[in-house]
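Down below is the structure, laid out as structure tokens.
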Amino acid sequence: QVQLVDSGGGLVQAGGSLRLSCAASGRTFSINVIGWDRQAPGKQRDMVARISSGGTTTYADSVKGRFTISRDNAKNTVYLQMNSLKPEDTAVYYCKGDTLDRAYWGQGTQVTVSS
């Protein structure tokens, strides 16, 4: 089993920054890819960013150049640095970890960007 706890959301003005954290515990060695999805009200959940166990990163086109995903293996924590935030970034952000068998999700953290 893997447990993911995400945090760091909040209310910020457009153009501001936030850093999300995802702390993993349990069988963390089984996680191949970890990252963030987000879901705005009335919309589907979409991929935001991913980082593989080898360090390869992937971003949604809408956040490229503004968001940066990173990991601290010693702390079993993944970070999402979000800069130049826009109102359309408002959503619940979920940490997601993929193993060979299944996906694991954090509880979600709300990010609200005011115009």
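Numbers at a glance
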{"quantity": "Which numbered condition G97 fails, given (1) over 30 Å from S115 (Cα atoms); (2) in contact with a Phe, Trp or Tyr (Cβ under 7 Å, 6 or more places away or on another chain); (3) free of Cβ contacts under 8 Å to residues at least 24 places away in the same chain", "calculated": "(3)"}
{"quantity": "Candidate set from the range 87-99 (those that are among the acidic types (D, E) and surrounded by 14 or more Cβ atoms within 10 Å (Cβ to Cβ)); member that is farthest from I51 (Cα to Cα)", "calculated": "D89"}
{"quantity": "Test for S115: is it among the polar types (S, T, N, Q), open to solvent by 40 Å² or more (accessible area, probe 1.4 Å) and either free of Cβ contacts under 8 Å to residues at least 60 places away in the same chain or over 22 Å from Q13 (Cβ atoms) (or both)", "calculated": "no"}
{"quantity": "Residues that are of a type in the set (A, V, I, L, M, F, W, C), under 17 Å from Y94 (Cα atoms) and either open to solvent by 70 Å² or more (accessible area, probe 1.4 Å) or outside any loop (DSSP other than H, G, I, E, B) (or both), drawn from the range 55-81", "calculated": "F67, I69, V78, L80"}
{"quantity": "In the range 53-75, the residues that are modelled with pLDDT under 95 and among the polar types (S, T, N, Q)", "calculated": "S53, N73"}
{"quantity": "Condition check for R38: basic (K, R), closer than 17 Å to W105 by Cα and in contact with a Phe, Trp or Tyr (Cβ under 6 Å, 6 or more places away or on another chain)", "calculated": "yes"}
{"quantity": "Check on S84, under 18 Å from S114 (Cα atoms), surrounded by fewer than 15 Cβ atoms within 10 Å (Cβ to Cβ) and small (G, A, S)", "calculated": "yes"}
{"quantity": "Residue in the range 100-108 that is hydroxyl-bearing (S, T, Y), crowded, with 17+ Cβ neighbours inside 10 Å and farther than 16 Å from V2 by Cβ present", "calculated": "no"}
{"quantity": "Count of residues meeting criterion [crowded, with 17+ Cβ neighbours inside 10 Å and within 11 Å of V78 (Cβ to Cβ)] in the range 29-45", "calculated": "4"}
{"quantity": "Any hit, the range 5-24, residues being in contact (Cβ under 8 Å) with a residue 24 or more places away in the chain, among the charged types (D, E, K, R) and open to solvent by 40 Å² or more (accessible area, probe 1.4 Å)", "calculated": "yes"}
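The values are calculated or read from the model by the stated rules, or taken from the named source; none is laboratory data. What you see is a predicted model; the values in this text were computed from it and never measured. In this analysis, Cβ positions are derived from the backbone assuming ideal geometry, glycine residues included, and neighbour counts consider all displayed protein chains. Accessible surface is based on the protein model in full, side chains and every heavy atom, while ligands, DNA and RNA are left aside. Shrake-Rupley method; radii C 1.70, N 1.55, O 1.52, S 1.80 Å.
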